Amino acid sequence: ASGQFEEDHIKVRARRYDDYLTGGSAAEGFVHLTLFLLDGRSEAVKHTLGQALSDAVRQALDSAAGTQITVDTRDMVRATYAKTKI
């Protein structure tokens, strides 16, 4: 919905962890998102995208009080990024 991507360019991978610590405690859950973007977007756009992802996860988990949600936005170097479809 951001207008930043074509749908077929979006990839989602999920990994579940049964053993973890957050803040030294295993009592509360977490969701960590890493958003990889080809470089060239402004800091404001990256911030908006990260916030939108965090908000979407929060809404999806509204009954999971105490869950930490973090987003790490990273640039991929466009000049060295490669993609091949076979």
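Each reported figure results from applying straightforward, stated rules to the coordinates on display, with no laboratory input. It should be emphasised that the depicted structure is a prediction, and the values quoted were computed from it without experimental measurement. Virtual Cβ from ideal backbone geometry, glycine too; neighbours counted across all protein chains shown.
Side notes on the structure shown:
- Size of the chain from its Cα atoms: along the principal axes, largest to smallest, the extents are 43, 27, 22 Å.
- Summary of packing: across the peptides 32-44, 5-17, the per-residue average of other C-beta atoms within 10 Å ranks them, highest first, as 32-44, 5-17.
- For the range 7-79, the share of DSSP beta bridges that are antiparallel, to the nearest 5, is 10%.
- Nearest 10 degrees, 0 to 90: helix 43-60 Cα axis against the chain principal axis: 40
- Neighbourhood charge, 15 Å Cβ-Cβ cut-off, centred on Thr34 and excluding it, Lys, Arg +1 and Asp, Glu -1: +3
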